[in-house]
Amino acid sequence: MLLSELNPRTEMSHFSDLQGNEDSGPVYVREKGRLSVAGSHCPRIKTPPVRLFSKGFSVELCVRQGDACKPKEKPFVFTYTEQGSLRYSAKSLFTLALDLIADNIQHVDSLLGFPEQVAERLFTAAESRQQFCHPHSGLAALRKFTEAYGDLMLSSLCLRGKYLLVSEKMEQIKSFRGLHVLDLSCCKLGDEHELITHLSSEAMDRSGDCGSPLPCIRFIRLRELYLKDNCLSDIGLRKMTAPVRVLRRGLGKLSLLDVSCNPDITEKGLSFLLGFKELRFLDISDTGVQDSVLTCKKIQTRTGLVQSKKPLPQFDESSCRTEGWAEQLFRQWDDLVMSAIKPKKTFPSRTAAQHFYGKDKGTPEAETPMLYETPAAPTKHLQFYRPEGAPNPPPAVPQPGHYPGKRLMEDKNVSDRGSSQPAKKPRVALTADDWDLLNSY
């Protein structure tokens, strides 16, 4: 009931009449422009504040399935204080820009001239996002780093016994052109493997050139090569040393070479190794050498290497290990390959059947196939080293009075044209790259 037109006396009489009636409800009185409840001490009516949303209302940020980044989580770093409360702080602009490039590394054209300190963090960020595991863009993204940073990406690579990893990641391994130490022992590659050909190709023959007009000294030639137990023969050594002997390029800067445990390598194949004039360590143990005394004398005369009476530490299995930015990347690849070929467990029913028929269960090591086989200790020890202070031998140019036995054989071959043809046959067997380089002159 609104009493707006009554006089004060009428208002008071009506209020006294209605005071005893509880069912009439509150009585509103407007006096001097103010509205109030009759009998209340509050001069104004208090209304509750208006809420935009209810108490149970909440907001949740939804990201589409196609969006690669998460705008809600990435700009913040969540940590805990000493009291145990959650605290978040905003990421720096540099970190946000680095994450953006790492998410889209496949769209980067080149990294030549980019600072090394920033490039290392960029590679780590891209690796954590598994950008190099994509079947289409992973290899292209990896080559952007290897072309720009060379041995910083990987200076030493140990693949001893990991022939499955070599087979699965062949193109990725070939993209690392800054290697100066490579261990391929116990990989069973053989003479015709493409990785053996790649080692002496023009891609590995880098010395201070990265293909950029900017100064670059990261690309160096291979210095140490381990090819122990790889089913190599004289044919493989001839192909591998052809660029050194004919074109003076390829593996000519080798200082350490291990071709042990290759029984198909004979004295003829070892003669191809005499073109490596900078060798300081050589291991030909357990090869097909018949006359070891004559071979040792020939190697010492032509290269200046002296036979070691005891095993050299340079040829120990722990002397080579993987080093560089991509070290963790190779570990991830190795774990993926090993998990893919993990042997299945023997079922209990099969084990019970074997026990019932009297067959031994066998040890777990006997049931699991050996993936990384290591050859036994060498029985024919033939390791060579260059003494300290001994100079490198001069180029192999025949001088009058030297090697009289060889000069007599050469004179005899000149007079006999039938025997001269086999002597020239190995020089004709050149690769297509060798012929292209010869034609360019």
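The values are calculated or read from the model by the stated rules, or taken from the named source; none is laboratory data. Computed from a predicted structure; not experimentally measured. A quick note on method: Cβ atoms are made from the backbone with ideal geometry, for glycine too, and the neighbour counts reach across all protein chains shown. Areas reflect the complete protein model, heavy atoms only, side chains present, ligands, DNA and RNA absent. Shrake-Rupley method; radii C 1.70, N 1.55, O 1.52, S 1.80 Å.
Using amide H atoms built 1.01 Å from N in the peptide plane, name the residues 5+ places from R249, or on other chains, whose amide H lies under 5 Å from its own.
The list, which skips near neighbours in sequence, is V244.
Could you work out what % of the accessible surface of the range 88-210 is carbon and sulfur, using a 1.4 angstrom probe and leaving DNA, RNA and ligands out of the count?
The C+S portion of the solvent-accessible surface of the range 88-210 is 51 percent.
What's the FRET efficiency of M338 with A38 using the Cβ-Cβ distance as r and R₀ = 51 Å, to the nearest 0.05?
0.05
Please tell me which of these pairs span more than 21 angstrom C-alpha to C-alpha: K162/K239; K228/K380; K91/K144?
K162/K239; K91/K144
Probe of 1.4 angstrom, ligands and nucleic acids ignored: what's the accessible area per residue over the range 282-323, in square angstrom?
Value returned for the range 282-323: 58 Å² of accessible area per residue.
How large, in percent, is the carbon and sulfur part of the accessible surface of the range 225-303 at a probe radius of 1.4 Å? Let's see the in-between values first.
Values: 1520 of 2830 Å².
Its accessible area is 54 percent carbon and sulfur atoms.
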